[in-house]
Amino acid sequence: CPAESYKLSILKVGFFEGAESEEIKKTSTIPCINQLGIKSENWKSNTSIDTSDLPGDMYLIKISDTDGYKSFIPLIVREASQKARAVFVVPTMTMFAYNSWSGSNTYQGPGGFKDRLRVVDFKRPFDSGFGTGKYWNYVQPLILQLEKTGLDIDYVADTDIHFYPELLKNRNLYLSAGHDEYWTKEEWKSVIRARQNGMNLIFFGANAGYWQSRLREDSTGKSLVMEIYKDAKEDPNKAEPTIRFREAGYSESELNGVQYTCFPARGGFETFDKSFFGFKGLADKDFNNLQDLLGPEVDETPAVSKFAGNIKVVAEGKVKCGNRWIFPKMGRASMVYGTSREGGGVFSVGTMGWVLFGLRNGAEKSLNNFVVTVTNNVVKRGITGPFSK
């Protein structure tokens with residue numbers, strides 16, 4: 001903060017007379033402490049926010065300094081009463097995995113993959129998305145659409161599910177946003193168990209449950225650290241290394257009925273089962289202009305599904321995988337609906353483009369209409385009780 005001072009504004013996310021947020025409270029002017037070049041472990045704080053009077057919901061903290069710069073911090077306030085039948089899980093581990101504030105992320109550093117982060121500090125701010133990381137493109141548009149439905153939804157972080165699996169009790173519906181790639185084994189097992197107890201799972205993205213990570217408190221006991229080595233040989237925990245779930249004997253299809261296909265992917269859904277209730281209210285013409293819905297990552301139904309129930313492909317399309325323009329690798333993307341005799345079901349859209357392309361501001365009109373209609377149909381059905389045939 002090289003400016004003279006700054007102010008904070010607490011914004012509740014939603015729709016308020018056409019606006020996408022509403023100011024709940026704000027601070028007075030706070031002097032800046034310029035901590036450029038100081039390690040995040042040694043940062044000092046000169047303000048705090050009392051959240052005890054904030055209802056459980058999704059918020060953005062807006063930072064405005066005297067030099068005219070603005071940024072945001074995503075803030076999840078957990079509802080203590082836990083009355084809502086739907087729970088929206090914000091993928092914070094994935095958001096931090098892609099954060100390059102330190103000059104490296106879990107994919108690469110100055111020297112490429114070998115310089116990637118193995119241990120991720122959750123105290124560091126995000127370097128993209130106006131200070132929100134992947135939240136802005138893959139979470140915010142979906143929250144805004146869900147808030148339009150008027151349904152009662154609780155907001156939690158994926159890290160909350162890791163530490164407090166009881167947050168999933170007595171829920172009918174679990175909602176996953178556009179990019180939910182990093183999970184802990186504890187989170188995975190808790191979500192599967194909750195589905196077995198009747199909770200439906202909806203994945204509005206692709207590549208969910210791909211990397212297995214570990215969580216622990218940092219040395220201060222006041223923040224979280226994520227360990228993600230991506231190499232069993234490097235990981236000091238040889239019994240449960242942080243590798244891909246499928247390499248650890250799990251299948252993504254067990255969780256969401258599909259599995260990750262490729263990146264970058266380009267294409268559109270071409271075939272549809274129009275008897276699927278999610279397509280109710282759509283005319284034949286509404287299925288025609290979906291060429292840009294698939295990508296940048298997509299899922300497909302595996303040759304052998306590990307989902308405990310029946311999986312039905314309700315939409316499918318071809319995709320070009322990778323950046324080769326001569327003889328590109330071809331793949332496919334699948335939208336699936338799953339049911340089970342005992343427990344809840346699953347719906348997976350099979351593409352990150354659902355939120356990124358279909359729900360963002362300025363989305364192509366017919367594409368947006370398709371995505372909004374299907375989203376509303378499956379959410380309103382899913383919150384009533386276990387999916388069935």
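The values are calculated or read from the model by the stated rules, or taken from the named source; none is laboratory data. Note that the structure is predicted; figures quoted are calculated from it, not measured. So basically every Cβ, Gly included, is an ideal-geometry build from the backbone, and we count neighbours across all protein chains shown. In case anyone asks, the SASA skips ligands and DNA or RNA and just uses the protein heavy atoms, side chains included. Shrake-Rupley method; radii C 1.70, N 1.55, O 1.52, S 1.80 Å.
Details
- Selection count, the stretch 160-205, where residues are in contact with a helix residue (DSSP H, G or I) (Cβ under 7 Å, 6 or more places away or on another chain), among the aromatic types (Phe, Trp, Tyr) and in a loop (DSSP other than H, G, I, E, B): 1
- The residue of the stretch 329-355 that is modelled with the highest pLDDT, among those that are open to solvent by 10 Å² or more (accessible area, probe 1.4 Å) and of a type outside the set (S, T, N, Q), is 337.
- Hey, residue 361 within 19 Å of the chain's Cα centre (by Cα) and not in a strand (DSSP E or B) or not: yes
- Single unsatisfied condition, residue 186 versus (1) acidic (Asp, Glu); (2) open to solvent by 20 Å² or more (accessible area, probe 1.4 Å); (3) in contact (Cβ under 8 Å) with a residue 60 or more places away in the chain: (3)
- Residue match in the stretch 192-201 (condition: of a type in the set (Lys, Arg), open to solvent by less than 30 Å² (accessible area, probe 1.4 Å) and under 30 Å from residue 339 (Cβ atoms)): yes
- Flag if residue 164 is of a type in the set (Phe, Trp, Tyr) and either open to solvent by less than 30 Å² (accessible area, probe 1.4 Å) or within 17 Å of residue 13 (Cβ to Cβ) (or both): no
- Subset of the stretch 296-306 [surrounded by 21 or more Cβ atoms within 10 Å (Cβ to Cβ) and either modelled with pLDDT under 95 or assigned to a strand (DSSP E or B) (or both)]: 298, 299, 300
- Within the stretch 10-51, the set of residues being in a strand (DSSP E or B) and β-branched (Val, Ile, Thr) comprises 10, 13, 24, 30.
- Of all residues making up the stretch 364-388, the number that are part of a loop (DSSP other than H, G, I, E, B), touching a Gly at 6+ places or on another chain (Cβ under 9 Å) and open to solvent by less than 30 Å² (accessible area, probe 1.4 Å): 2
Residue by residue, here is whether (1) open to solvent by 60 Å² or more (accessible area, probe 1.4 Å); (2) among the β-branched types (Val, Ile, Thr); (3) within 24 Å of residue 375 (Cα to Cα) holds:
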site	(1), (2), (3)
6	no, no, no
25	no, no, no
45	yes, no, no
74	no, no, yes
94	no, yes, yes
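- Test for residue 83: is it under 27 Å from the mean Cα position of the chain (by Cα), open to solvent by less than 60 Å² (accessible area, probe 1.4 Å) and basic (Lys, Arg): no
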